[in-house]
Structures are given as structure tokens and as C-alpha cells.
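Report on the following structure.
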Amino acid sequence: MVHSETYEIEPIAHIRTPFPEKFGIPRQSGLVAEAKGTIVFEPKYRDPDALRCIETFSHLWLIWGFSEVEQDEFSPLVRPPRLGGNEKCGVFATRSPFRPNELGLSVVKLDGVEKTKGKGTVLEVSGVDLLDKTPIYDIKPYIPYADAHPDARGGFASDPDEGVLTVDCDDALRERLGDDATAVLAALARDPRPAYHDNPERVYEMRYGARTVRFSVDDGVLTVRSAE
């Protein structure tokens, strides 16, 4: 049998997350452990046998698509946010969404395998960094002895806590956020602003599920101004 080097792929599932827009999504999976998602399989892939033994793994690899990216042509250079948005790096030395095949890769924690009515078996996961309704093209188990390399070099992204902000949120606003408070404040601490923004007078707006939070940042402190 002759296999073509060019072929189409289709989503096996979509993930529901609390991030309805790009602004506010953690820049890497696992940075906001409290950010949860639900993977809902397409009808043709809802056979429970396809998930047999998956509960024996604590984490999963997700291969997914940057479904909101628009690009006209391939560019070999991109501007990583971690470098301030000014310095250029080769696209294959970054995790930029502006890639030839627009595929993303994330590790998430598997919190549960749940049977539902109407949607088949779904996967409850956490530590997500995906836009709501992102298409999932494949799922593979994370295998610690093969996938974890503690002595690996991280290039310009070596420090996971670089740029983490102190969040100032009064008790009344925290209460208004309800059960989402911990996750929202953790996402804010990771500084959702573009790297080149540094105006203490500017008020930003981040959506998390049904919540809308407005905030400003000055000298490393993020102050929550309102929450709805």
C-alpha cells in the first residue's frame, strides 16, 4: 500500500474550557493547575473501548489545533512573548501558534473519566491552556520515564516563574468570583497582558467562564478592579 505524505486529519474531540477568548489563557499547560476542562468526543469516537485503561495514567498529551489562527503564508521567524515581543526566533524554536500545520501540544492532568447522557464518556482534565471548543486531534498517555527530562535545557523559557505577579484582590471581589476565585487569581498571577504592555494606568479585561474581571498592573502588582 502506498501512503501519501499529505493527508487530512479530523478532530476526535473538542475540549470545553473556561477561556472563551485568547486573552487570559496560560502560556503553557500546567502553569495554572486550577484551570479545568472537559474533553467531549465526536460521536464516531465515543466507543468506550477507545478509552479502556486510560484511567491508569495520571497525565495525558493532547495534540490539538490553533483553530483561531489566521496567517496568509509561512514565516520562518516569530516574536516569542517571553522575549518581550521584539526579539525574533525561528518558529521551530518556539511554541508560537503561527506554524506551518498550526498544531499545538499540551500535557494535562487526568482528573476523571465520566460517563454522561448524550455525550458518551468524557475526560475531566486540569492544567489546561486551550481556548474553549479547541479541536483535539489525538490523545496519548504521558509516560514519566520517557517524557520527563529534568536535566533538559529550556532555552529562553527556562524559568516557569518569570514574570509572575502579586495579585491584590479584596475580600468582596474574591467572594464575587465564587468557586472560580482560586483559578481566576492564579491565571491573573501569570500576567495575561502582552509582554510589551507596561502602562500602569491601563485597565484590562479578562473573561473566565461566565466571569469578567478588570484589572491593572503597576510595579509587579496586579490589582483587581472589578469582577462580574
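Scanning the stretch 49-65 for residues that are of a type outside the set (A, V, I, L, M) and surrounded by 16 or more Cβ atoms within 10 Å (Cβ to Cβ) yields HIS59, TRP61, TRP64, GLY65. Note on the stretch 100-139: residues that are under 17 Å from the mean Cα position of the chain (by Cα) and basic (Lys, Arg) amount to 2. Taking strands (runs of 3 or more DSSP E) as the structural unit, those lying wholly within the stretch 1-87 and holding at least 2 residues that are of a type in the set (Phe, Trp, Tyr), touching a residue at least 40 places away in the same chain (Cβ under 8 Å) and out of contact with any His (no Cβ under 7 Å at 6 or more places or on another chain) correspond to 59-65. Does VAL217 satisfy being touching a strand residue (DSSP E or B) at 6+ places or on another chain (Cβ under 8 Å), among the aliphatic types (A, V, I, L, M), more than 16 Å from PRO26 (Cα to Cα) and surrounded by fewer than 18 Cβ atoms within 10 Å (Cβ to Cβ)? Criteria not met by VAL217. Those residues that are buried (at least 21 other Cβ atoms within 10 Å of the Cβ) and either among the small types (Gly, Ala, Ser) or farther than 24 Å from PRO194 by Cα (or both), I need them from the stretch 16-48; list them, please. Matches in the stretch 16-48: GLY24, SER29, ALA35, GLY37, ILE39, PHE41.
Could you say whether any residue in the stretch 110-121 is assigned by TED's automatic domain parsing to the domain that holds LEU62, more than 24 Å from GLU68 (Cβ to Cβ) and of a type in the set (Asp, Glu)? Within the stretch 110-121 (the criterion being assigned by TED's automatic domain parsing to the domain that holds LEU62, more than 24 Å from GLU68 (Cβ to Cβ) and of a type in the set (Asp, Glu)), the answer is yes, since at least one residue qualifies. Screening TYR137 against (1) assigned to a strand (DSSP E or B); (2) modelled with pLDDT under 95; (3) aromatic (Phe, Trp, Tyr) leaves a single unmet condition, (2). CYS89 satisfies every condition listed in (1) crowded, with 16+ Cβ neighbours inside 10 Å; (2) touching a Pro at 6+ places or on another chain (Cβ under 9 Å); (3) assigned by TED's automatic domain parsing to the domain that holds SER29 except (3).
Scanning the stretch 57-87 for residues that are closer than 23 Å to GLU21 by Cα and in contact with a helix residue (DSSP H, G or I) (Cβ under 9 Å, 6 or more places away or on another chain) yields a count of 5. Selection within the stretch 165-200: residues that are aliphatic (A, V, I, L, M) and in a loop (DSSP other than H, G, I, E, B). The member of this set that is farthest from PRO80 (Cα to Cα) is LEU165.
The residues listed here are ASP168, ASP151, ASP180, ASP129; of these, the one that is modelled with pLDDT under 95 and charged (D, E, K, R) is ASP151.
The values are calculated or read from the model by the stated rules, or taken from the named source; none is laboratory data. Worth saying up front: this structure is predicted, and the values here are computed from it rather than measured. Please note: Cβ atoms are built from the backbone with ideal geometry, for glycine as well, and neighbour counts cover all protein chains shown.
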